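Heads up: the structure comes next, in structure tokens.
The values are calculated or read from the model by the stated rules, or taken from the named source; none is laboratory data. Just so it is clear, the model here is predicted, and its values are computed rather than measured. Counting neighbours? That spans all protein chains shown, and the Cβs are built from the backbone with ideal geometry, glycine included.
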Amino acid sequence: MPVGVYYFRKDCRINDNPLLARACAECDQLIYVWVCPPPSQPGHAWSSHRAGSLRYAFMRECIEDLRADLAAEGVVLVVRFGDPVQVLAQIKAECSYDRLYGEELPGTEEIMGWKTISDYAASNGVQVIQHWQRTLLSLSDLPFGINNLPRVFTSFRTKVEQNWHVRESADVLSWPKSVALPSDPWQLEFAKEKKMDPRASLDFKGGAKSGYERLLCYCGSADLLGRYKETRNGLIGPDYSSKLSPWLAWGCLSPVEVYDAILNYEDKFGANESSYWLVFELLWRDFFQFTARKEGRRIFLRSGFGEGVRSKSNGRSVDEIKWKEGQTGHAFVDACMRELVATGYMSNRGRQNAASYLVHDLAIDWRIGASFFEYHLLDYDVASNWCNWAYIAGVGNDPRAGRKFNVDKQASDYDPKQTFGKLWA
Ligand SMILES: Cc1cc2nc3c(=O)[nH]c(=O)nc-3n(C[C@H](O)[C@H](O)[C@H](O)COP(=O)(O)OP(=O)(O)OC[C@H]3O[C@@H](n4cnc5c(N)ncnc54)[C@H](O)[C@@H]3O)c2cc1C
């Protein structure tokens, strides 16, 4: 019977994890591994670092929670730091394996990283099994091939809703013995506890346990999910939207688990526009995941992948710094940016306005904004972040050429008493 490695990527959970369930069914013994590149990992053209301390701390909580969940099943998570290929080679020297399982992700670095791993595995006689499981709808349930993915969301939604199928939840039936190799100690750079600003919308804690608690709290209440469509443009506090994004981004929760919780809500309280609207938002998420898979590196190009107008830039670095520091002089935009830096979270309304202001009012390259969000967001997700930014810049999926928000009007519509602006003044 084969010995396998299950390589956790952005699927930090043991429940509803189809690839993990498959690996457990196919292998006699498994080495459960999580590999973290060091925090000193170089940034990219627009930012010298990849992730801020809040996201690293959230990630650490996700991994510790995963480790505890696996331990409760009697198996050991091996945590190592460094280059993934070197780590996998080191593990092979400690215990030989012949299969390697890992979920498929969008994003050029994610794809290139996996290709390097696959090349290493192939030249060492290891069979590689990869599986796309990041979306609510499976690739095989789409009514079109990925290359024929509609460019516009409404067309995507209409087509998938006509052929609606969400897979069953996939749980592990029995756990193969683990190979208990040693883990590396956490490096100092990974803050053990993050100090969340008391003004934060929610005290986000990484891991499936906290994610599930939030899911049950939000989807178990007629006052929360039952009013989502009316409240979702809010700016302050835990209740205006689900706040599930960090757990979805790290895979502590699967979109199928969220969907099942919405169905449970509908069984209990009846379906309404709000319960539908949360599914609608999960479809936006799917749409961007599939778009990133289809478009590849074009989601990072300044000219993007849409048919919109190429964003121009006047490269005014003083404006850029003011935007990043929440010092533009626009109370609404500034409050959004300060919230992001202090908490790692920003509402959807805030993200749209802060992004639009950078791109359309300050005429700065949208990728500077996208990489700043990448650094700070707890829920950073390559597809959701870069495709939303491209959309607002008018170089992505938007049928109109860019979304310019009138930030003054938005502020008076959504923060009429400046409560939000004053909170972050
Ligand atoms: C410029 C910009 C950058 C963004 N970057 C990210 C990102 O890196 N990661 C991320 O998860 N979301 C991103 N979003 C989408 C959205 O703002 C967040 O998902 C949402 O604010 C998270 O809060 P919530 O969980 O309470 O959302 P809810 O309103 O409760 O929505 C439920 C879930 O649906 C999904 N969702 C909702 N809106 C969108 C959307 N527009 N695109 C994709 N998924 C969506 C999320 O998974 C979210 O958790 C971005 C939006 C903009 C405009």
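Show me the helices (runs of 4 or more DSSP H) found entirely inside region 359-425 where at least 1 residues are more than 10 Å from the ligand (Cβ to nearest atom), buried (at least 20 other Cβ atoms within 10 Å of the Cβ) and more than 23 Å from the chain's Cα centre (by Cα).
Counting at least 1 such residues, we get 407-414, 419-423.
Name the residues in region 243-282 that are closer than 15 Å to E213 by Cβ, of a type in the set (D, E, K, R) and within 9 Å of the ligand (Cβ to nearest atom), would you?
Passing the criteria: only K243.
Which one of these is part of a loop (DSSP other than H, G, I, E, B), touching a residue at least 12 places away in the same chain (Cβ under 8 Å) and within 9 Å of the ligand (Cβ to nearest atom): Y228, Y218, Y240?
Every option except Y240 fails the conditions.
Within region 155-171, track down each residue that is farther than 24 Å from P18 by Cα and over 22 Å from the mean Cα position of the chain (by Cα).
Passing the criteria: S155, T158, K159, Q162.
May I ask you to say which residue of P238, P246, P182, P176 is loosely packed, with under 14 Cβ neighbours inside 10 Å and not basic (K, R)?
On inspection, the qualifying residue turns out to be P182.
With L136, L181, L173 as the choices, which residue is in a loop (DSSP other than H, G, I, E, B) and in contact with a Lys or Arg (Cβ under 8 Å, 6 or more places away or on another chain)?
From the options L136, L181, L173, the qualifying one is L136.
Spot the failing condition for T158; the list is (1) assigned to a loop (DSSP other than H, G, I, E, B); (2) modelled with pLDDT of 95 or more; (3) surrounded by fewer than 17 Cβ atoms within 10 Å (Cβ to Cβ), and only one is missed.
Here T158 meets the rest and fails (1).
If you take the residues in region 338-348 that are assigned to a helix (DSSP H, G or I) and more than 8 Å from the ligand (Cβ to nearest atom), which one is nearest to F204 (Cα to Cα)?
Among residues in region 338-348 that are assigned to a helix (DSSP H, G or I) and more than 8 Å from the ligand (Cβ to nearest atom), the one nearest to F204 (Cα to Cα) is T343.
Residue under question is R297, and the condition is that it be basic (K, R) and away from the ligand (no atom under 13 Å from the Cβ); does it hold?
Considered against the rule, which asks whether it is basic (K, R) and away from the ligand (no atom under 13 Å from the Cβ), R297 comes out as yes.
Somewhere in region 109-125, is a residue assigned to a loop (DSSP other than H, G, I, E, B), surrounded by fewer than 14 Cβ atoms within 10 Å (Cβ to Cβ) and at pLDDT 95 or above?
yes
Just checking, does region 74-84 include any residue being part of a helix (DSSP H, G or I) and surrounded by fewer than 18 Cβ atoms within 10 Å (Cβ to Cβ)?
no
Testing F287 on (1) away from the ligand (no atom under 11 Å from the Cβ); (2) modelled with pLDDT of 95 or more; (3) assigned to a helix (DSSP H, G or I), one condition comes back false. Which one is that?
It fails just one condition, (1).
Would you mind stating whether F305 is among the hydrophobic types (A, V, I, L, M, F, W, C), under 22 Å from the mean Cα position of the chain (by Cα) and crowded, with 18+ Cβ neighbours inside 10 Å?
Judged against the criteria, F305 is a match.
Looking for something touching a strand residue (DSSP E or B) at 6+ places or on another chain (Cβ under 9 Å) and either in a helix (DSSP H, G or I) or of a type in the set (K, R) (or both) - is there at least one such residue anywhere in region 196-213?
No: region 196-213 contains no residue that is touching a strand residue (DSSP E or B) at 6+ places or on another chain (Cβ under 9 Å) and either in a helix (DSSP H, G or I) or of a type in the set (K, R) (or both).
Considering only residues of region 320-337 that are among the aliphatic types (A, V, I, L, M) and in contact (Cβ under 8 Å) with a residue 40 or more places away in the chain, which is farthest from the ligand (Cβ to nearest atom)?
A331
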